[in-house]
Structures are given as C-alpha cells and as structure tokens.
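Participant: Submitted below is the structure of interest, expressed as structure tokens.
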Amino acid sequence: MADSLLKTANLQAWYGESHALHGIDIEVREGEVVTLLGRNGAGKTSTLRAIMGLIGRRTGSVRFEGKELINARSDIIARAGIALCPEERGIFASLDVTENLMLPPVVRPGGMSIAEIHTLFPNLKERARSPGTKLSGGEQQMLAIARILRTGARLLMLDEPTEGLAPVIVQQIGHTIREIKQRGFTVLLVEQNFRFAQTVADRHYVIDHGQVVDHLDNAEMANSAERLHQYLGV
Ligand code: ATP
C-alpha cells in the first residue's frame, strides 16, 4: 500500500465563535483520488480550507509527508506542496489565459510545463491570449486546475469542480482528473455529485455536521444507495 501523503487527526476549526469542524480524520495516500461527500453546509469546503491554513483558528493535526502543518501559515503549506482550487475558481478578469496560468509561483519541481498543460488542455492553448472572463465555465475550471498543476504541488484539492457545468463538460473534467492521477498527482476532491465521484475516485469520506460519518471505497459505493441517501438526501 502506498504511503500516506496527507493525514488529518481530530482536525477542528472555528469561524469566529462558530465551531465549523468538530474533528475530521482523513487519510489520502500517494496517487489516490479521494472525495469528500456531504450535503450543503456539512463542512467539506471548511475541511479543505483548514488543511490549507485558511481558517484562523484550528486545532488537531494535519500531517503532509509526515510533517506537521497545523500551525503553519498558508504560504508555508503551499510551499510544502498542497494546492487548493476553490469553488469560485479565482480566474483574474484582467489577465489572459497564459498570464492566469503563470500566476501562482512554482513551489516544487515536478509540475507540468506549459507544453504539457497545452497537451492536456488543448482549449487553453487555443485561447492562450483570451481574457480569463471570456472563457466558458468549463474552460475557467480547466484553467483553475491547470494553474495548480504547474506549481509542482503534489496534493491537489479541488472544491466542487463540476458545479454548474453541463454534463458533457463534467465528463471532460472526469477525464482530466483521471489523467492527472495517471501522471502521479494525488487529488482530494469535494463533490456533491456522488455519481461523478464514483467515476473518478478510489475512496470516499462522507462528512456531516463537521465530522466524518462514513468511509466507503468505490465498490461499497455502488451498493450503498440507501446509506448515501441518508447522508446526502439524494
Ligand atoms: P457547501 O457545499 O454548501 O459549500 P460545505 O460542506 O462545503 O457546503 P462549509 O462551506 O464548509 O460546508 O460550511 C460548514 C459550516 O461552516 C456551515 O455551517 C457554514 O455556515 C459555516 N461557514 C462556512 N464558511 C463560513 C464563514 N466564512 N464564516 C462563518 N461560518 C462559515
């Protein structure tokens, strides 16, 4: 079995007085695609933000490649090799596709070159000089993913990359995630769409009320409609 890349233990987080995460225990091994499933407000985004050091008050443990990061600043966490692609994608309107791509600094060797990115995302090559906002939602999502692939981060955290996209684009994103995995990257994915999650991921954690309430592998997922219905209301 591959080594653990990320391991959280009793990860808790607060927004001011509001206690959002009550103890998240997850593990992601090198080369895996793992999803966090759960209904709106369950704490999926907060889990990614807490791992990335973007919530001020957090306790417990976040170990990445064995190194404790619970008290680290987000820039140190980024340099350690974790990247977050937020739900809102963060594409800059005033920059073109290439400028958006080049924006985040390279943190480690092993990231994709622009030529490799253009092979994986031919649309981004065609639209290299288009302003970020002239792209479709799907293209913006691809750009947001491509941008973190360039940085050399080893763990890519993607927050609902399929949200609001047409089924054909969702399929393309699925293809992209499988390609990324084949190239040795590790992905932690937040999803509401468990059918999509099943097509890309190896394992799934279900989060509810700021805690992990279940853990399934893909085979179990296929036989667990009732269990998922209970958690996700689907
Ligand atoms: P969604 O899919 O709706 O984003 P989620 O599972 O990602 O849901 P979170 O966004 O992590 O859930 O929210 C977890 C809890 O933290 C919710 O109760 C939410 O209201 C609260 N919360 C999230 N962001 C903030 C914030 N900036 N300030 C205060 N409370 C917040």
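The values are calculated or read from the model by the stated rules, or taken from the named source; none is laboratory data. Bear in mind that the values here come from a model prediction, so they are computed numbers and not experimental data. Methodologically, a virtual Cβ is constructed for each residue, glycine included, from the backbone with ideal geometry; neighbour enumeration extends over all protein chains shown. For the accessible areas, the whole protein counts, side chains as well, though only heavy atoms, and no ligand, DNA or RNA atoms are used. Shrake-Rupley method; radii C 1.70, N 1.55, O 1.52, S 1.80 Å.
Participant: Which residues, taken from the stretch 71-88, are surrounded by 19 or more Cβ atoms within 10 Å (Cβ to Cβ) and touching a helix residue (DSSP H, G or I) at 6+ places or on another chain (Cβ under 9 Å)?
Facilitator: Ile77, Ile82, Ala83, Leu84, Cys85
Participant: Any idea which of (1) more than 26 Å from Gln172 (Cα to Cα); (2) more than 16 Å from the ligand (Cβ to nearest atom); (3) touching a helix residue (DSSP H, G or I) at 6+ places or on another chain (Cβ under 7 Å) is the one Met52 doesn't satisfy?
Facilitator: Single failed check for Met52: (2).
Participant: If you don't mind, another one. In the stretch 107-127, what residues are among the small types (Gly, Ala, Ser), out of contact with any helix residue (DSSP H, G or I) (no Cβ under 7 Å at 6 or more places or on another chain) and under 19 Å from Ala83 (Cα atoms)?
Facilitator: Passing the criteria: Gly110, Ser113.
Participant: Collect the residues in the stretch 21-43 that are under 15 Å from the mean Cα position of the chain (by Cα) and either open to solvent by less than 10 Å² (accessible area, probe 1.4 Å) or on the phi > 0 side of the Ramachandran plot (or both), keeping them in residue-number order.
Facilitator: Ile26, Val28, Gly31, Val33, Val34, Thr35, Leu36, Leu37, Gly38, Gly43
Participant: Which ones in the stretch 193-234 are in a loop (DSSP other than H, G, I, E, B) and open to solvent by 70 Å² or more (accessible area, probe 1.4 Å)?
Facilitator: His209, Asn223, Val234
Participant: Hey, another quick one. Taking the stretch 126-156 only, how many residues are within 17 Å of Val168 (Cβ to Cβ), free of Cβ contacts under 8 Å to residues at least 40 places away in the same chain and assigned to a loop (DSSP other than H, G, I, E, B)?
Facilitator: Residues that pass the stated criteria total 1.
Residues are listed down the side, and each one gets a yes or a no for (1) within 12 Å of the ligand (Cβ to nearest atom); (2) in contact with an Asp or Glu (Cβ under 6 Å, 6 or more places away or on another chain); (3) free of Cβ contacts under 8 Å to residues at least 12 places away in the same chain; (4) β-branched (Val, Ile, Thr):
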| position | (1), (2), (3), (4) |
| --- | --- |
| His22 | yes, no, no, no |
| Gly41 | yes, no, yes, no |
| Leu69 | no, no, no, no |
| Ala78 | no, no, no, no |
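Participant: Of the residues Thr98, Thr47, which is within 11 Å of the ligand (Cβ to nearest atom), surrounded by 13 or more Cβ atoms within 10 Å (Cβ to Cβ), in a helix (DSSP H, G or I) and not charged (D, E, K, R)?
Facilitator: Thr47 is the lone residue from the list that is within 11 Å of the ligand (Cβ to nearest atom), surrounded by 13 or more Cβ atoms within 10 Å (Cβ to Cβ), in a helix (DSSP H, G or I) and not charged (D, E, K, R).
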